[in-house]
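Below is one structure, written out as C-alpha cells, with a few remarks after it.
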C-alpha cells in the first residue's frame, strides 16, 4: 500500500466514523411514545412540567418566546393530542411528525400557493384546527382513535 492510498484510506475511515457519530435530527410527534415529549422539549428549547389528569397526562412545554405547547399522553405514554398558543407558531413539523404532510396536503391551495386562512384537517384519523394572528397563534391536533376514555376535546384549549 502506498503512502497516498494509506492516507486516502485513513481519511475515508475518519469521515465515515464522523458520519456514524453525527446525531441525526430528532423528530418526535403526535402518535409517538412519551420519549417524543422530551425530544420536543429539547428541539424547542423549552422547559416542561407534567400533570396527571386521570387517564392521561398533560406535559406543558414553556417556550423561550413565552408560547406554550401542551402534549397529551395516554397511560401507555402515547401522545394522542397536541395544543399550542403563543406569539409565534411552534415547529409544527416537529410536533406533528408524519402528520405534518397530511396537514400540508389538506391545506394546499388549488393554484399551488398558501392562502392566509388557518390550517385545518378534519379526517377520521386526524383533526387539526389552527387560528390566530401575528403575535397570538393557537392550534390543536388530535388523533381521535388514540384518545383515552374520559378525555374531553375541551381539555385541549
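A short reminder: the numbers here are calculations on the coordinates, not readings from a lab. Computed from a predicted model, the values in this text were never measured in an experiment. Using ideal geometry, Cβ is built from the backbone for each residue, glycine included, and neighbour counts are taken over all protein chains shown.
Listed conditions (1) surrounded by fewer than 18 Cβ atoms within 10 Å (Cβ to Cβ); (2) in contact with a strand residue (DSSP E or B) (Cβ under 9 Å, 6 or more places away or on another chain); (3) more than 23 Å from residue 152 (Cβ to Cβ); (4) without any contact (Cβ under 8 Å) to a residue 24 or more places away in the chain are all met by residue 41, apart from (1).
Listed here are the residues, each with its yes/no results for (1) within 19 Å of residue 31 (Cα to Cα); (2) in a strand (DSSP E or B); (3) free of Cβ contacts under 8 Å to residues at least 12 places away in the same chain.
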{"site": "57", "(1), (2), (3)": "yes, yes, no"}
{"site": "82", "(1), (2), (3)": "yes, yes, no"}
{"site": "102", "(1), (2), (3)": "yes, no, no"}
{"site": "108", "(1), (2), (3)": "no, no, yes"}
{"site": "124", "(1), (2), (3)": "yes, no, no"}
{"site": "131", "(1), (2), (3)": "no, yes, no"}
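Taking the criterion of being free of Cβ contacts under 8 Å to residues at least 60 places away in the same chain, farther than 14 Å from residue 79 by Cβ and in contact with a strand residue (DSSP E or B) (Cβ under 8 Å, 6 or more places away or on another chain), the residues of segment 138-157 that qualify are 138, 139, 153. Might you check whether a residue that is part of a strand (DSSP E or B), touching a helix residue (DSSP H, G or I) at 6+ places or on another chain (Cβ under 6 Å) and either surrounded by 21 or more Cβ atoms within 10 Å (Cβ to Cβ) or free of Cβ contacts under 8 Å to residues at least 24 places away in the same chain (or both) occurs anywhere in segment 84-100? Scanning segment 84-100, I find no residue that is part of a strand (DSSP E or B), touching a helix residue (DSSP H, G or I) at 6+ places or on another chain (Cβ under 6 Å) and either surrounded by 21 or more Cβ atoms within 10 Å (Cβ to Cβ) or free of Cβ contacts under 8 Å to residues at least 24 places away in the same chain (or both), so the answer is no.
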